[in-house]
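The values are calculated or read from the model by the stated rules, or taken from the named source; none is laboratory data. For clarity, every value in this text was computed on a predicted model and none was experimentally measured. Using ideal geometry, Cβ is built from the backbone for each residue, glycine included, and neighbour counts are taken over all protein chains shown. Note: accessible area is taken over every heavy atom of the protein model, side chains too, but ligands, DNA and RNA are not part of it. Shrake-Rupley method; radii C 1.70, N 1.55, O 1.52, S 1.80 Å.
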Amino acid sequence: MRWPVRWWRAARWGDAYRRCAYTAAVLAVALLALMAVRLPWAGDLGIHAATLERLRHDLAHPGDPLVDAPVDSPYYSPWMVALALLAKATGLSTFHTLHLAAVVDLAVLVTGIAHFARTLSARRGTAPLAILCVMLLYGWELFTWSGFPGFTSLALCLAYPSTLGLGIACHLWALTRKALIHRRGWAAYLILGALLGVQLLIHQFTGLVTVLGLIALLLGARPWPDRATWLRITAAAALALVIVSVWPYYSFFALLDAGDLDPTHQPLYIHLVSRFCLLALGGAALLVRLRRDRRDPLVIFFGLSVLVYAIGGVTGHYSLGRILPGVFLPAQFAVAVEAAGAGGRLTRWIFAPVTAAALLVGCWAQAGSLSYVLRGDAIPPVIKHAPRQGLWDDYAWVTRYVSYGDVVMTEAFLPKRQIPAYGPYTVASGYPDFFLPDQGQRLKDVHRYFAAKTPRAQRLALLRKYDVRWVVQYASDGGLDPHDPALRQVAIGPDGELLLKVVRTR
């Protein structure tokens, strides 16, 4: 009589665990859906809005999204072109279109995580656990970055192409795994190749993660692919290369010599314990999988990504740190699979409760993002002091005065990153722009305009050089005196910034 009782208790415990996982996953996705409605502004939202603005106004020759220059830009991806076509067809504004993009991105990402998880395990709790692990299993210190699928990162980056790219990556891995297991024909592999080509154009850093994941799936395939399968894989890879080669908006291969992104990405190599310590549980799950299968694809994926990340740290090429999602994801999926019960009794009584505890710690680290959708008095007291990333106010107030295509001289952090989202240009880009040949000169000229010792005549010459119509500055920034005859003060922004119209440059 003992075995039926034990079985009933285990079944009851397992059902409760799965119900909790499903409930928590649905709640997390629902909160992110609210973020899509709220569309919190911080980070790179401005450049994606500016990209959509340029495509909406000139689909054939949009030019640089941030400055008035006729150059290509890697931000003009197939996804942004599709959104621009939608905006032109429906009359939606740029930000309304980005709200819709955030909803689509969220749907593709969540279904992609669940899709890939189900190819790793048929157990019912795997998919919701995978969603929770991907969003919450990091560390006790909040860390956000575009293309990193932590809950707060997703809340801020839902409308970014990187979110869509990550969702497509998960679907690609799932479809590739199915194609290998079921020995699909030519059509399936050519579809995979086309999808990979588009994904590489949508977000290049996520594309590298995707490729490493696909290589891991091939190296870990059981049975080993036969000659016919390798021919189909080669054809799929060739099709992906053709697609990225013929894309008309920018040269994909020019990105290999796009400039030095390493200083920007150096933060990806610091505070690793506090930011990612919970992934140690993923390391344990991967060791369990390694003992079962020496060619486990998640283990290979993890190993390849760690190798690339280590090379970046040793050589000082810190931009390789963008491979970190390739370190996170296999560990997180491994935790989800093992916690769902793949490891038998040990998993049931030890691994699953530890995973639940780790997810609770992850919840605390990400709980501050609730402030993006709740009023201050509605935030539960227990999480009022949870870590959070501050949001930016919008810059829509300038559109009452500044027209589309006007050039604005500014050196302040937020105006450079936000004003182009509404249609105007800035003299210097607020983001690294290695397709812009005179980026360095533009930065120097802006600094010279606001420098204290620059003569008035040189400042006027710089305004003429870039056909500047507006200046946005704080009183302490320098530049021409706001009362100079060349300028006329038009408005004062919410944070005290001055909006000055250039009335003459002679």
Compactness of the stretch 39-90 - radius of gyration and Dmax, Cα, Å: 10.8, 31
The stretch 188-284: relative contact order as a whole-number percent, Cα under 8 Å and 6+ apart: 36 percent
Cα-only radius of gyration and Dmax that characterise the stretch 206-307, units Å: 17.8, 48
On Cα atoms only, tilt of 352-366 relative to the major axis of the chain in degrees: 10 degrees
Accessible surface, the chain, averaged per residue in Å² (probe 1.4 Å): 44 Å²
Estimated dipole of the chain in Debye, rounded to 20 [Cβ of Lys and Arg +1, of Asp and Glu -1, Cα centre]: 2060 debye
Carbon + sulfur, % of accessible area of the stretch 323-417 - ligands and nucleic acids excluded, 1.4 Å: 61 percent
Apportionment of accessible area to carbon and sulfur, the stretch 200-279, percent (1.4 Å): 71 percent
Inter-centroid distance (Cα atoms) of the stretch 366-390 relative to the stretch 239-280, Å: 31 Å
Euclidean distance of C-alpha centroids, the stretch 178-208 and the stretch 294-332, integer Å: 20 Å
Sequence-separation-based contact order of the stretch 1-160, relative, with Cα cut under 8 Å and 6+ spacing, percent: 31 percent
By accessible area with a 1.4 Å probe, ligands and nucleic acids excluded, highest first: order of Lys465, Lys384, Lys453: Lys453, Lys465, Lys384
Cα lying deepest toward the dipole's positive end in the chain, options Gly479, Pro297, Val398, charges on Cβ: Pro297
Listed values [x] 1.07; [y] 0.98; [z] 1.02, entry calculated as Rg/Rh (Cα atoms, Kirkwood Rh): [z]
Mean Cβ count within 10 Å, highest first, over the residues of peptides 153-165, 263-275, 410-422, 358-370: 153-165, 410-422, 358-370, 263-275
Computed [θ] at 222 nm, helices only, for the chain once each DSSP H run of length n ≥ 4 contributes -39500 (n - 2.57): -18000 deg cm²/dmol
Cα-centre dipole for the stretch 184-331 with unit charges at Cβ (Lys and Arg positive, Asp and Glu negative), debye to 20: 680 debye
Cα lying deepest toward the dipole's positive end in the chain, options Leu129, Thr152, Tyr318, charges on Cβ: Leu129
Rg/Rg_globular for the stretch 107-195, with Rg_globular taken as 2.2 N^0.38 Å and Rg from C-alpha atoms: 1.19
Apportionment of accessible area to carbon and sulfur, the stretch 48-155, percent (1.4 Å): 62 percent
Cα centroid separation - the stretch 410-449 against the stretch 56-90, whole Å: 18 Å
Residue among Val71, Pro432, Thr23 farthest towards the positive dipole end of the chain, charges placed on Cβ: Thr23
Mean Cβ neighbour count within 10 Å, used as a protection proxy, ranking 431-441, 196-206, 95-105 highest first: 196-206, 95-105, 431-441
Point-charge dipole on Cβ atoms (K/R +1, D/E -1) for the stretch 10-95, about Cα centre, debye to 20: 660 debye
Relative contact order for the stretch 350-493, counting Cα pairs under 8 Å that sit 6 or more residues apart, in percent: 20 percent
In Å², nearest 10: area of Met35 left accessible to a 1.4 Å probe: 0 Å²
